[in-house]
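Here's the structure we're looking at; comments come further down.
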RNA sequence: CGGGGCGUAGCUCAGUCCGGCUAGAGCGCCUGGUUUGGGACCAGGAGGACGCAGGUUCGAAUCCUGUCGCCCCGACCA
C-alpha cells in the first residue's frame, strides 16, 4: 500500500482533531535519546519488552521512511511482493536453520505435532523466497530478478533494548535477488552494486549520516558484504575507520597493520614461576607486575570438531570471525574445561603455547614479535616468564586474528578510530547456500541445471527512524530531517479566538497543502509556551507562527527547528519561504 | 543464560529499613475563574488498594516464600 502521508484532499490536519500525546517527563526506563524522545513526543508506546505500538505521529514518520525505501527499490528495478510472517518449519529444516538460529527463531506452541508446533514466525525470509523461486523461476530467461517486501519480522532476541533499536518485532525491508552467474551482465555483482547504490540513495534521502563499511562476509569471503552504519553512542556495533575516510569496516572485519618487532635481541631465559590461584590475564598481570601487553593469551577452541588454539596478546581479544576465516572452518566454539585439562594437563587458566606441539595453533601477528612474554605453563598454578616465540615454541600459522584496538593502524598506515554505531542496512552476497539447500535451480541455454546465485539486502525501518533521532536532536527534542518528519510544517496559531489569526492561518494551511506540503495545524487554545515546547519536542522542521501580535505588524514568523532562526514575513510571502527552506 | 536494579494513580516519584490514622506529592486529566509570545495562577474534583499468589500477624505497600513483568551491564545477535 502506498504511503499516503499528507492529510491532503482538503482535510485540514488540526492538532485538536488528531492524536498527539506529549509528555514533559522522561519515562525512567528509557536510557538512549531516541527512546526517550520517541516516548516523550508520543511516537511510540511499549506493549511488551521488544514490541511497540506506533502512535499516529510515529507511524507517519515510519510510513515516510517506507515510502522512500519503496521508491528507491522500485527505481532499482526490484519487484515488491508480500510474504507471510508465519512459516512452516519444514522450510527452515531444509536449510538447517532451525538449529542454526536456535532461540532466535520464534515458534508457536501446540500439542504434539499440531500445526502450531510446525509453525514459526519469520525472522527473515530466505527460505520462503527461495521456495517461491524454485517453483516459478525455471529458466535463465527469467533471471536476474529481485523481489522485495516490507514486512514485520519476529526474533526471539534475548535482550531487547534501547527502544526501537533492538526489538523482538520490527519492520524490515528485505530483498532477494536471483542470478545465473556471479560476474558480468545480470550477474550477482551487478545486482549487488545496484542495491548498494539504492541503499546510499535511501539513507541520504532519509537524512542519515551513514557510513557504508565492509562487514564480515562469513564463509563466502571476498567483498561480499557491506553494512550501512549510523554513528551513535546508542549503537551496539563498532565502526572502525581512518580519520581521512580511506578505510572503514566494522569491528568484526577491520584489518590492522602488522605490529613491528621492538625487541633488542637480548631475550631473557625462560622461567617457571608459581602463580597459585591466578588464572586471568588481569590477576597474573597484577601478581607479576607485567603489563597485559607482555602476556600471551591462549584460547582453546573446538573448530569443526578439532581442537584449535588461538594466541593473542594479553591486551587483545580474539576475533572469532577472523579466526574462522583464517582457519577455514565453519564452526568455532570455546573448548569446555574437560578438553582444556586434557590438552594442557592443567586446570583452566594455565594454558600456554610452550610444549603444546600436538594441537593446531594459530598466533596473532602481534604475538610473533613479542619478547620475554608471560604465559601459562600448562601446569596448574604456574606461569612462564621470558617466553620468546620462535625460541620457546614454534609458530606455524600467524595471521590477523584479533579485534582492532585504539592505537592500531589500518593497512594503509593511517591511525584507526572507533565509534559506536547502529546498523541500519546490510547487503550480502549469499551465493548458492539457499538455492542448493532447497533445490532452486534454473536451466541454462544448453538445458543444463544450475542452482541460482542469490543476494539478500535488508533495511531496518524502525532503526532508520530511531537513528535519525539519535543523529539529530537537542535538549528540546527531536530535529527531524524534513523527508521523514511526521509533518514538514507546523502551523502554530496563537490567540485562536482571534478571527484574523484563524483566517490567516487557514489560508496559509490550505496554500501549503495545495502545494503538497503536509502541515500540522496547532489550533489548540493553549498558551504560546506550551505550543512552542511541543513543536520543538516533536521536531517539525519548519514552524509558522501566526499571532495577533505579529499580525498587528503585518507579519507571521517562519522558524526553522534546527537553528531556531526566525524570519518575519508578510503572510503572502510565507509559503514561498517555507518552500525554499524545505528544498 | 549470568550479574545488578525496579514494580505504589496515565507519567515522574515518596512511603518499605524500624508493620499501625481513611496510601501521599508533582505533572497530566475534569469543573469554574483569572491569565495568554517559551511548559501560568487560584479554587474545587475524579483517579490507585500498592505486579500477582500464598504465608506470618490483632493488623501487611511495608516482614517471609514463590511467581510474573520491566530496565541496565555482560553473554548472544541469520
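For A:232, A:242, the sequence from fewest to most other C-beta atoms within 10 Å is A:242, A:232.
Work the Kirkwood hydrodynamic radius out for the stretch A:450-510: mean of 1/r over every pair of different alpha-carbon atoms, inverted, in Å. It would help to have the intermediate numbers written out before the result.
Details: mean 1/r = 0.0639 Å⁻¹.
Result for the stretch A:450-510 stands at 15.7 Å.
In this entry, the stretch A:298-419 is assigned a mean projected area of 8.1 nm², taken as a quarter of its C-alpha convex hull surface.
If packing is taken as the average number of other Cβ atoms within 10 Å across a peptide's residues, how do A:370-378, A:23-31, A:575-583, A:321-329 rank, most packed first? Numbers along the way, then the final one.
Details: A:370-378: 23.8, A:23-31: 10.7, A:575-583: 15.3, A:321-329: 18.9.
Descending packing order for the listed peptides: A:370-378, A:321-329, A:575-583, A:23-31.
When a footprinting reagent is the concern and you count Cβ atoms within 10 Å, what order do A:502, A:229, A:73 take, fewest first?
Ascending Cβ contact count within 10 Å gives the list A:502, A:73, A:229.
Rg(Cα) of the stretch A:526-583 divided by 2.2 N^0.38 Å?
Numbers: Rg = 11.3 Å, N = 58, 2.2 N^0.38 = 10.3 Å.
In units of the 2.2 N^0.38 Å rule of thumb, it is 1.10.
Values of log10 I(q)/I(0) for the stretch A:161-236 across q = 0.13, 0.15, 0.19 Å⁻¹ run -0.53, -0.69, -1.03, by the Debye formula with one identical scatterer at each alpha carbon and no solvent. Taking the alpha-carbon centroid of each part, what is the distance from the stretch A:461-498 to the stretch A:172-203 in angstrom? Distance between centres, Cα-based: 33 Å. With one equal scatterer per alpha carbon and no solvent term, the Debye-computed log10 I(q)/I(0) for the stretch A:105-249 at 0.16, 0.21, 0.22 1/Å reads -1.16, -1.48, -1.51.
Look at A:53, A:124 and count the other Cβ atoms within 10 Å of each Cβ; fewest to most, that gives A:53, A:124. Highest-first packing order for the peptide set A:101-108, A:398-405 is A:398-405, A:101-108, based on the mean count of other beta carbon atoms within 10 Å.
Could you work out the Rg to Rh ratio of the stretch A:1-158, with Rh taken as the Kirkwood radius (inverse of the mean 1/r over all Cα pairs)?
On the way: Rg = 20.2 Å, Rh = 19.2 Å.
Answer for the stretch A:1-158: 1.05.
Helical runs (DSSP H, four residues minimum) scored at -39500 (n - 2.57) apiece and divided by the length of chain A put the mean residue ellipticity at 222 nm at -8000 deg cm²/dmol.
Ordering of A:256-267, A:201-212 by packing is A:201-212, A:256-267, highest average first (other Cβ atoms within 10 Å, averaged per residue).
When DSSP beta bridges are restricted to pairs lying wholly in the stretch A:410-549, around 55% turn out antiparallel.
Over chain A, the hull volume per residue, using the convex hull of the C-alpha atoms, is 206 Å³.
What per residue convex hull volume, in Å³, do the alpha-carbon atoms of the stretch A:41-108 yield? It would help to have the intermediate numbers written out before the result.
Values: hull volume 10.1 nm³, N = 68.
Taking the convex hull of the Cα positions in the stretch A:41-108, it is 148 Å³ per residue.
Take every Cα pair under 8 Å in the stretch A:80-141 that's 6+ residues apart, average their separations, divide by the length, and report that relative contact order as a whole percent. If you can, show how the numbers build up before the last one.
Values: 53 pairs, mean separation 22.4, N = 62.
It rounds to 36 percent for the stretch A:80-141.
Summarising the strand pairing of chain A, around 80 percent of its internal DSSP beta bridges are antiparallel.
For the stretch A:301-397, DSSP calls about 60 percent of its internal beta bridges antiparallel. Hey, what D do you get for the stretch A:437-583 in µm²/s if you plug the Kirkwood alpha-carbon radius into Stokes-Einstein at 25 °C and 0.890 mPa s? Approximately 139 µm²/s, per Stokes-Einstein.
Read-outs: derived from the displayed coordinates by stated rules, not from any lab. Here the structure is a predicted model, which is why all the values come from computation and not from measurement. Using ideal geometry, Cβ is built from the backbone for each residue, glycine included, and neighbour counts are taken over all protein chains shown.
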